[in-house]
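Below you'll find the structure, written out as C-alpha cells, and then a few comments.
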2 protein chains.
Amino acid sequence: MDELEPLTAPPTAKDILDAQERIRPYIHRTPIITSEKMNDLSAASNVRLFFKGEHLQKTGAFKARGALNAVMTHRNRAKAGAFVTHSSGNHGAALAWAARTMGFVAHIVMPKNAPKAKIEAVKSYGGIITFCEPTLQARETTAQQIQEQTGSVLIHPYDNYDIIAGQATATLELIEDAAQPLDAIYIPVGGGGLLAGAALANHYFGKARVVGCEPEQASDAWTSFKTGNWTPVQHPNTIADGLKTSLGRKNFPIIQKHVDDIILLSEDELKRAWDIVVSRTKQFIEPSAAAGVAAALKHDTQGSVGIMLCGGNMSLSIIDHI
Amino acid sequence: MDELEPLTAPPTAKDILDAQERIRPYIHRTPIITSEKMNDLSAASNVRLFFKGEHLQKTGAFKARGALNAVMTHRNRAKAGAFVTHSSGNHGAALAWAARTMGFVAHIVMPKNAPKAKIEAVKSYGGIITFCEPTLQARETTAQQIQEQTGSVLIHPYDNYDIIAGQATATLELIEDAAQPLDAIYIPVGGGGLLAGAALANHYFGKARVVGCEPEQASDAWTSFKTGNWTPVQHPNTIADGLKTSLGRKNFPIIQKHVDDIILLSEDELKRAWDIVVSRTKQFIEPSAAAGVAAALKHDTQGSVGIMLCGGNMSLSIIDHI
C-alpha cells in the first residue's frame with residue numbers, strides 16, 4: 001500500500017483492488033438488499049434484483065468511497081494539510097468526512113442557496129464552508145482562489161481518476177457479494193464517477209451489461225453517449241438532484257468504451273420508483289437512487305440484476321405534509 | 001409443537017418460546033440496527049442504542065408475529081377455514097398474510113374511510129374486505145356478523161393472549177440479539193399487545209426497565225397505568241396512527257404488573273424523532289415507531305437501550321411535496 005501517487009490514467013484492475021484495500025478500514029461494506037416483493041414487480045419472470053445499499057454508506061452516499069480514496073492517494077501532496085472542492089451535494093460532505101478521517105482539513109465551496117441539510121452535513125464533518133454565487137463559474141473561481149491562498153489540494157467531485165477508482169469499489173462489492181453472477185447492472189449517472197467506476201469494475205471483474213440511468217430532464221450523458229460528442233447539460237430540472245451535473249471529461253471515454261447503454265427516465269418514472277423502493281423495502285433513498293430502479297423496471301430486465309442505491313440524503317421537511 | 005390450543009391466561013416463558021419456534025419458519029428474524037450517530041444524540045455519555053427493525057418484518061410490522069401465532073394456535077378451531085378481524089391498520093394486513101400463509105381465508109372488516117394503502121395491503125395478501133361505518137361499534141358488529149355467517153374464528157388485534165405471546169417474540173429476539181444485556185427497553189403502546197408481550201419477555205428473559213411510550217394525544221394507557229383504572233381513549237388525534245387504540249382488557253393487568261413506566265410524547269417530539277431516525281439511519285419507519293425513539297431521547301437514557309421500531313407502513317404521497 002505504498003502507491004500514494006494520484007492516478008494519471010483510467011484505473012486498472014489493480015488500481016481498483018488497491019483502492020478497495022486502502023479505504024476498506026474506514027468505510028462500510030454496505031449490504032446487498034433483496035426483496036421478493038420487488039422481484040415480483042418486474043415484468044419478466046425469474047428476475048432477481050440485488051440492491052447495493054450505498055444509502056447506508058458513511059456520509060449517506062457512495063461519495064465517501066471516492067473522496068476517501070482521493071484524499072489517501074493525494075495526501076503526500078497535501079503539504080498544507082488541506083483539501084478543497086466545490087459541491088452543492090454529497091461530495092462536499094464526503095470530502096469533509098474523508099479529510100477529517102485522515103487528519104486533514106477540507107474547504108468546501110458551496111452555492112449560497114445550497115439546502116440547509118447539505119450545509120449542516122458538511123459542518124457536521126468539520127468542513128470549512130465558503131459560500132459563493134450559485135453558478136458553476138463562481139464555484140470554480142472560488143475553489144481556485146482557496147487553492148491558491150491556502151495551498152489546498154483540489155479534489156474534483158468526479159472528473160478525477162482516483163475518485164473513479166474509489167467509486168468503482170461499490171460495484172466491485174456488488175459483483176462480489178450478490179448471490180449470483182449478474183447479468184445486468186443499473187447505475188445512475190450524473191457526473192459519471194459512479195458509472196465510469198462501475199463500467200471498469202464490471203469490465204475487469206464481471207460480465208454484466210452495464211446500463212447508465214439518467215433523468216430526461218438532465219440528459220447530457222445520454223446525448224453524449226448516443227452522439228459520441230461530449231455535450232454539457234442544459235438547464236437540468238429533476239427531483240434527482242444528484243444527477244444534474246454534466247458528465248466529466250475523464251469519465252466520458254471510459255463510459256463510451258465500457259457502458260452498454262444509457263436510458264432516460266421521466267420524472268414520473270423516478271417518483272414511482274422512489275415510492276416503490278421506500279414502501280416495499282423500507283429503505284430511505286434519495287431520488288437519484290431511484291434512477292437505477294426505474295430503469296430496471298422499465299427495461300424488461302432478465303436474470304440477475306444489480307441496482308445501485310447510490311445515496312439516502314434527502315430533505316425531510318416532508319414530515320410536515322403527512 | 002402439538003400445543004394447538006389457544007391460551008387462556010397470560011403467556012408463560014414456555015408459551016413465548018413455543019410461539020417463537022412456531023412462527024420462526026415464516027417470519028424474518030429482523031436485524032438489530034445500531035448507529036454511532038444515533039448514540040451521539042443521547043444526552044448521557046456511553047449510551048448504546050439497539051433498534052429492533054420490525055419495519056423490515058413480513059407485512060412491514062411486528063403484527064405479523066402475533067397474527068401468525070394466533071392463526072396457528074387457533075387453526076384446529078377454524079373448521080370453516082376462515083378467520084375474521086376488524087382493523088384499520090397493520091393487523092388487518094398481518095392477519096390476511098398469516099391466514100394465507102397457513103392456507104386459510106381471512107375476512108377483514110375495515111372502516112370505509114381507511115387509507116388506500118392499507119386497503120391495498122390487505123388485498124395484496126388475499127384478504128377479503130368488508131367495509132363498514134368508521135365507528136368501533138360498526139366494526140365490532142360487522143365482524144360478529146361475518147363470524148356468525150361464515151363460521152370464521154375472530155382474532156382480536158391485541159386483546160388476545162396468543163397475539164401477546166406472538167408479539168413477545170420481537171422483544172425476546174431484541175434481548176437475545178443485542179450485543180449487550182439491555183438496561184432499558186422502550187416500546188410504543190396502542191392496544192398494548194406489543195408492550196404486554198415485551199414486559200413478559202423481559203420479565204422471563206431480561207432484566208431491563210420496560211418503558212411504554214404513548215402519544216399525549218392518545219394517552220389512555222398512561223392514564224390507566226397511573227390511576228390503576230382502565231380508561232378508554234378519548235378522541236385520539238396523533239400522527240402515530242398505530243397508537244390510537246384503547247388498551248386491551250387482557251393487556252392492562254400484564255402492563256400494570258411488569259411495565260416500569262409509561263411516558264408521554266408530544267406530536268413535535270414524535271415528528272422530531274421520526275425525522276432523526278429516517279435521516280440518520282435511512283430506515284423508513286412509520287410515525288408510531290418513532291415513539292420509542294422520542295422517549296429514549298427525552299428520558300435521559302443510560303447504558304444499553306433497546307428500542308422497538310415497530311413498523312414501516314406509511315402513506316408515501318409525501319413524494320409530491322419534495
Quick one: label points 7 angstrom along Cα→Cβ at A:Gly103, distances to the other copies in nm, smallest first?
6.7
So the label point goes 7 Å from the Cα of B:Arg77 along Cα→C-beta, right? Which residues of the stretch B:123-147 then have their backbone N under 20 Å from it?
B:140-147
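Determine the percent antiparallel among the DSSP beta bridges restricted to the stretch A:63-154, to the nearest 5.
Roughly 0 percent of the beta bridges in the stretch A:63-154 run antiparallel, per DSSP.
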Percent antiparallel among DSSP beta bridges confined to chain A, rounded to 5, stands at 10
Where does the charge balance sit around B:Ile254 when Lys and Arg score +1, Asp and Glu -1, over other residues with C-beta under 14 Å from its C-beta?
-1
With Cβ to Cβ distances under 14 Å as the rule, what net charge do the other residues near B:Phe50 carry (K, R +1; D, E -1)?
-4
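Tell me what the protein assembly as shown gives for mean residue ellipticity at 222 nm when only DSSP H runs of n ≥ 4 count, each as -39,500 (n - 2.57), the sum divided by the residue total, rounded to 500 deg cm²/dmol.
On the way: 24 runs with 270 residues, N = 644.
Estimated from H runs of four or more residues: -13000 deg cm²/dmol.
Coordinate-derived values only; no laboratory data. Computed from a predicted model, the values in this text were never measured in an experiment. Every residue, glycine among them, receives a Cβ derived from its backbone with ideal geometry; neighbour counts consider all protein chains shown.
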